[in-house]
Protein chains: 4
Amino acid sequence: MNFLSDTTSPVHPVILDALKTANDGYAASYGHDPITTRLRAKLSELFEAPIEMVLTTSGTASNALALSLLCPPHGMVLCHDEAHIHRDERGAPEFFTGGGKLLPLKGDHAKIDAGQLHKVLKEWPRDFVHTTPPRALSISNLNESGCLYSIDELIAVTKPARKLGLGVHFDGARFANALISSGQTPAELSWKAGADILCLGATKNGAIGAEAILLFGKTQDQLTELQARQKRSGHMGPKARFIAAQMLAWLEDDLWLALARDANSAAQEIAALLRSSGGAKILHSVDGNEVFARLEDPLAEQLRKAGVGFYQWPDGSARFVASWSTSEEELSDFRHAINA
Amino acid sequence: MNFLSDTTSPVHPVILDALKTANDGYAASYGHDPITTRLRAKLSELFEAPIEMVLTTSGTASNALALSLLCPPHGMVLCHDEAHIHRDERGAPEFFTGGGKLLPLKGDHAKIDAGQLHKVLKEWPRDFVHTTPPRALSISNLNESGCLYSIDELIAVTKPARKLGLGVHFDGARFANALISSGQTPAELSWKAGADILCLGATKNGAIGAEAILLFGKTQDQLTELQARQKRSGHMGPKARFIAAQMLAWLEDDLWLALARDANSAAQEIAALLRSSGGAKILHSVDGNEVFARLEDPLAEQLRKAGVGFYQWPDGSARFVASWSTSEEELSDFRHAINA
Amino acid sequence: MNFLSDTTSPVHPVILDALKTANDGYAASYGHDPITTRLRAKLSELFEAPIEMVLTTSGTASNALALSLLCPPHGMVLCHDEAHIHRDERGAPEFFTGGGKLLPLKGDHAKIDAGQLHKVLKEWPRDFVHTTPPRALSISNLNESGCLYSIDELIAVTKPARKLGLGVHFDGARFANALISSGQTPAELSWKAGADILCLGATKNGAIGAEAILLFGKTQDQLTELQARQKRSGHMGPKARFIAAQMLAWLEDDLWLALARDANSAAQEIAALLRSSGGAKILHSVDGNEVFARLEDPLAEQLRKAGVGFYQWPDGSARFVASWSTSEEELSDFRHAINA
Amino acid sequence: MNFLSDTTSPVHPVILDALKTANDGYAASYGHDPITTRLRAKLSELFEAPIEMVLTTSGTASNALALSLLCPPHGMVLCHDEAHIHRDERGAPEFFTGGGKLLPLKGDHAKIDAGQLHKVLKEWPRDFVHTTPPRALSISNLNESGCLYSIDELIAVTKPARKLGLGVHFDGARFANALISSGQTPAELSWKAGADILCLGATKNGAIGAEAILLFGKTQDQLTELQARQKRSGHMGPKARFIAAQMLAWLEDDLWLALARDANSAAQEIAALLRSSGGAKILHSVDGNEVFARLEDPLAEQLRKAGVGFYQWPDGSARFVASWSTSEEELSDFRHAINA
């Protein structure tokens, strides 16, 4: 019963097998191999648009590289106060942008409140030399409370931002889970909803370490700049075929969706069980593979004793993360732990 | 006959298998897993010293992170004019140090000339506020001409540097090849020869992407600082067990040495064949898996026609890189190509 | 009737004369001149403590250099949401720290709320590798609403910060005005209240461009580091005697206090007149030389027509800044403008 | 007899008087004052071209800001090995560019050898993602050996650089001295000779601290970017009229040329006296206000004993710097010291 994080889960066997298949003799390094080419085509097809792409092995790297393309050193990224880029990346965006600023915005359930965004866009001038201007908007979907922005909610924040010339970054560490939850297509949940760049993550959903920075529209003109930054930051690993192979296997035959579907279902089950316990309050809508709850002390204690792995913050709230590998057995054990 | 680069070669099957073995259920992320612990112990044993360690997936990342620990933003790294960190990492050391300076030094066969080093150390003051002071020395061994620094050669440059308080970084992208070529122990070729930090690379020698930054002696006190920089630069990938597993498999049963031995032998064979051709001049001592030669035009043309993959610079010099995967068949084909 | 900013006011004649006096033949450059030595002694005497000092010509430079000494690239500065360093320096702290983060805190009248600070210090861990740790606290006194932190208010925020190892920076762009308003001594309002570094500004109070970064206590050990950063950022101007001369003249014979007293008195008069108008609401306590008010439209219009220079934000609030040079005549004209 | 540096010399009285004249009541801050406007027009007239302009108080700041406009973080500046930006600015260009690289080139008398430049431009590719590309060329004229690049010499290096798209920066810390020495016009010695940006310095030639970054041609489109960087680096001092006033007074009535003429003449006299001594070898052509010589030990000792202030490097070479303030009396004393 390990619900600590989707990063503690194992790699899906199909993805490991893909490495073996990819390991067929010599191949051009640094992304000039045929698997990378196939992956690019596959992504373009799935997203129904021309794309350019850069691969990395960590979500932090992807997000920070993407933001450095949208925000100059003397610019500002607007994000939610709970955003991973603000709270959990040790200042990676600030490092990669060369000293850009992140402005944390409020909003319930880790969603940027459109009203707050409007206020900030009005308050922070775009062309006053003394003041850091907003240059990018970053949205996590699913977000850090495990919630889904609907298309309307996305457009409510991306539209005013784009109108003022801000670049829009989507942190898609759990993009596949959002697809399942929303029933939208990849295109609908990315560029059609206002994203200039999507950081698409496979790592939390079955891969070893495979993240794609997807450039849509005019942002594609900046590919060379992005590659220079990728190299300079040590994220242009030589044997790139093995990252591409992971992601290609993950996408083929809709594996990414299947894995996300399983993870989301498991999270629903976990939430239902917590609700049924009488000792837990679910804090946010469970739109993906994460469940946030406030547990009464006896229940928390009981679960810990039963060997349930979950994360609890100093403020008492707890997080249960399901993954593709959450098994029937684990869920059954969890039911026993709850009902004990 | 792909002699383009050791980064085009495949991954050794034992290393791929190790991923499968590592993929056993849940494991703590970010390096808190048991495989990482075993790797640390193994490295400490091999290097006969306490060490601290950080893993990355690229040599550029390792080198730049290591240098950022030794050199402040207003300091300077001394390196050879041909150094990979100066020529082939798109300014990664400058990025990671926050704007440090690299001063390229001369010396035959990509070895820093001790006399030049003395001159520079005298010329660039250590405590004059207007002038960037030397703070670190970086040495590649094997170096960028495929040559080995002997222990005496290493000490001739590390000793004066250390005496003036410079930190010493060894770029060990081909460290295993240097071990084979020199017959020295890992300890003799690293900290006993003056290294504060060794960047030990497995990627060019059979791994997918596995590099270890090894901290010796007092540098270990800076582990926390290094980890902050690792995280901040996106190089603290969550599923770290899969990097550790690669490197552990690479070290166990002396696989790293066996692979380097094969690569070095193949390079000797390549060099012998080039010499025998009458149309090639070997430019540097072949101490590892790389052969640098100047080819007469007819020979170069003949090899290319025969499908030999090698890299040729605008100045006419050519590089042939052997790897663990260079086969008898390839060498035989190369013999035919030469003798045609 | 120019109440736009204290930076639009002229230079006090005594300070201009001091330049002439300083212009006596040759003098060592870069701060090795006798005037700089005298200034250092004078500051040490006034602040009743050993100090080290670095001079610059702009407050932005002083603040950013000071913060770069207290906060590493992967650290965070806590400041008020209205802080000049956050709102009006185009990311200078982020630039000088090498990508540090500023976290804006709330609190009425631009004073950091002690409760908010406690919450943030609890919420943001100090030693969790993934999260940017708080490393410095920055306080403006007088602050950006023209308000004075009392000694108790200062200690309420500096004490918990210092306890957790944060460095404390005071932005003293209007420090002289704070001295007058509080009746405290320079020592009481700086290091005795928890400051590790005070950026003492003369520019807004009669000088051409003269700012001193004062290091107290153990921070003095970092003088060499600060000087390296001063040089590297282009703020070690060669003819330093002319900056020192400004500040020395400003301090001698208590000129700084006299000028601040005049400015503060003028602000009181402005505030009284605004209050008397019936069309203005004074928004913050007038503790120095700035008056913030919300004006009813007819009054705002009437003042503008009468040629009163003041700044009005999009949200309707207005700022009137008095300076040492605000004349009786200006105040009298303002009275007429109000009463018209 | 202070020949240590032109930065130890006093300020010309006309420039001090200009401060007094500028100190006339209120004036818009941050460069929106009428004196700045007049200065811009004056510079445009003198350089016979439209220009944009940013003022700073130090040459280091000017050079570093200018270079940050021409060279991205992942680019490279080509300069002479003796360049002030490489040797004497503590890494300011690296800081302001966000980690750009400086590549030091060789050439006699601190002039970049055109052949070396061609070699480097060929050797360092412009569009290979792994290698830092040359993006800017920096030339000091007068240079660090006190020598003048002729127009032909300038074009020999700027033309190939411009052809490959590099931006060209001229460090004109002693530009007025170069004008006198060459007999060229400001335009001929700047944009007509290939400069995109000229850093024009008054500080070493009579001002307190006044440097202008002059943007020519298309570089003017980047003014907003430059201003953002100026602000962010703390170099947009509020009371800008006092910098503008210095430079305007320096330019008006050809004062700059008169002062440079005097300094150059004094340097010629110093050189002649050194030559006549029989104990000194003049090392470089004396094209401006600096004399570099190798002194025999007895002469060096004799001069020091006589109270002559000059700078001597560990390698035995010595520098004598004349300035506008070098007096007949000093030269006469120096003659006595030589002839003693």
If you add up the charges near D:Leu70, with Lys and Arg at +1 and Asp and Glu at -1, over every other residue whose beta carbon is less than 9 angstrom from its beta carbon, what do you get? 0
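Restrict the search to region A:38-110; then list the GluC sites (Glu not before Pro) that DSSP places in a loop and that have at most 15 other Cβ atoms within 10 Å of their Cβ.
Within region A:38-110, the qualifying GluC sites (Glu not before Pro) (loop, at most 15 other Cβ atoms within 10 Å) are A:Glu48.
Per residue, how large is the accessible surface of chain B? Use a 1.4 angstrom probe and give square angstrom.
The answer is 34 Å² per residue.
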Chain C, relative contact order in percent, only Cα pairs under 8 angstrom and at least six apart counted: 24 percent
Note, C:Asn23: beta-carbon cut-off 14 Å, +1 each Lys/Arg, -1 each Asp/Glu, net 0
With just the Cα atoms of chain C, tell me how far they stretch along each of the three principal axes, in Å, largest first. 59, 57, 32
May I ask you to give the average projected area over all directions of the convex hull of the Cα atoms of region C:27-85, in nm² rounded to one decimal? 5.7 nm²
Principal axes of region A:291-338: Cα extent on each, largest first, Å: 30, 20, 12
Chain D: most fluctuating residue of D:Leu299, D:Leu248, D:Leu39 per GNM, C-alpha cutoff 10 Å: D:Leu299
In a Gaussian network model over chain A where Cα atoms closer than 10 Å are linked, find which of A:Thr97, A:Thr36, A:Thr224 has the largest mean-square fluctuation. A:Thr224
Among C:His74, C:Ser277, C:Gln220, the residue whose Cα sits farthest towards the positive end of the charge dipole of chain C, when +1 is placed on the Cβ of each Lys and Arg and -1 on the Cβ of each Asp and Glu, is C:His74
Between the alpha carbon centres of region D:7-53 and region B:182-241 the gap in Å comes to 55 Å
Past the 18 Å Cα-Cα mark, which pairs from B:Lys106/D:Lys159; D:Lys218/D:Lys239; D:Lys119/D:Lys163; C:Lys204/C:Lys231? B:Lys106/D:Lys159; D:Lys218/D:Lys239; C:Lys204/C:Lys231
If amide hydrogens are placed 1.01 Å from N in the peptide plane, which non-local residues have theirs closer than 5 Å to the one on B:Leu4? B:Val321
Carbon + sulfur, % of accessible area of region B:185-279 - ligands and nucleic acids excluded, 1.4 Å: 46 percent
Evaluated over region D:257-339, the Cα radius of gyration and Dmax, each in Å: 11.8, 37
Please report, in debye to the nearest 20, how large the charge dipole of the protein assembly as shown is about its Cα centre when each Lys and Arg carries +1 at its beta carbon and each Asp and Glu carries -1 there. 0 debye
GluC sites (Glu not before Pro) within region D:139-216, DSSP loop, no more than 16 other Cβ atoms inside 10 Å: D:Glu188
Please work out the ratio of the alpha-carbon Rg of the protein assembly as shown to 2.2 N^0.38 Å and round it to two decimals. 0.96
To the nearest 10 square angstrom, what accessible area does A:Lys281 show with a 1.4 Å probe? 130 Å²
In nm to one decimal, list the spacings between the A:Gly307 label point and its equivalents in the other copies, with label points set 7 Å along Cα to Cβ, shortest first. 5.7, 8.7, 9.2
Charge tally in the Cβ shell below 10 Å around A:Gln220, where Lys, Arg are +1 and Asp, Glu are -1, A:Gln220 excluded: -2
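The values are calculated or read from the model by the stated rules, or taken from the named source; none is laboratory data. Just so we're clear, the structure is a prediction, and the values are computed from it rather than from any experiment. When we count neighbours, we look across all protein chains shown, and the Cβ atoms used for this are built from the backbone with ideal geometry, even at glycine. In case anyone asks, the SASA skips ligands and DNA or RNA and just uses the protein heavy atoms, side chains included. Shrake-Rupley method; radii C 1.70, N 1.55, O 1.52, S 1.80 Å.
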